[in-house]
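Throughout, read-outs are computed from the coordinates displayed, never taken from laboratory work. Keep in mind that this is a model prediction, so the values were computed, not measured.
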Amino acid sequence: MRRRPLLATPALLLAPLLPAPAAAQQARPLSDRDRADVARAEAWLNRLTSLKARFVQIAQNGASAEGTGWIVRPGRMRFEYDPPEPLLLVASYGQFFYFDRQLKQATTLPIGATPLGILLRDDLRLSGDVTVSRVERGGGLLRITLFRTGKPAEGSLTLVFGQDPVELKQWAVVDAQGQETRVSLFQTEFGGRFPSILFDFNDPRFREDLGIP
């Protein structure tokens with residue numbers, strides 16, 4: 001049954017909001033090389049204007065789902081799951097909109113209260129209210145793990161980049177209960193222009209599914 005694995009989908013949004021205790025992470029001291037690689041990743045993210053990609057989401061139990069995602073920086077994102085999954089995630093106007101067409105349920109959260117909101121910031125900095133706890137390299141990939149400064153027990157976000165060239169390939173969210181949700185991007189297209197209705201909560205299709213006249 002494919003419905004159950006996607007119950008992990010809100011981990012993409014809600015990891016910082018879960019109250020269950022988790023072992024506090026320890027930020028490792030960063031080497032000069034680590035800081036240089038973090039700066040390269042940060043610079044790449046700040047140059048990113050838009051992308052469209054296919055994605056595969058892997059839940060903690062290994063079950064998977066696919067779909068198409070769009071990101072337009074700053075502030076906008078859409079992740080639409082392939083049928084039969086009825087899930088849709090839209091970020092715009094400072095809010096994340098999470099919609100289950102099958103249940104006809106919608107959840108709205110401030111972008112700043114979610115881990116993926118980090119990717120949508122206008123002036124993105126992997127410092128300050130964000131702490132980089134680990135930098136790892138291997139297999140041509142650069143992995144940067146971070147958490148909200150002062151709140152390591154809430155969960156973490158790991159961004160995975162190709163190293164040459166630097167390019168976002170994957171991210172993983174670990175929530176406060178230690179459950180991981182991993183999203184890998186492929187067939188990625190950068191710099192495209194997309195219709196604004198993709199990121200519009202007032203899309204008539206949403207209103208019809210929710211029974212709003």
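Computed quantities for the displayed model
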{"quantity": "Added length on full extension, which subtracts the Cα-Cα distance from 0.36 nm per residue, Arg137 to Thr188", "calculated": "16.2 nm"}
{"quantity": "Contour excess over end-to-end distance, with Cα ends at Ile197 and Val166 and 0.36 nm allotted per residue", "calculated": "8.2 nm"}
{"quantity": "Net length gained if the chain between Arg40 and Ala63 were fully extended (0.36 nm per residue, minus Cα distance)", "calculated": "5.0 nm"}
{"quantity": "Backbone HN-Hα couplings from phi across segment 182-191 [Karplus 6.51/-1.76/1.60, Hz, Gly and Pro as x]", "calculated": "10, 10, 10, 9, 8, 6, 7, 10, 10, x"}
{"quantity": "26 Å tail of the calculated P(r), segment 62-213, as % of Cα pairs", "calculated": "30"}
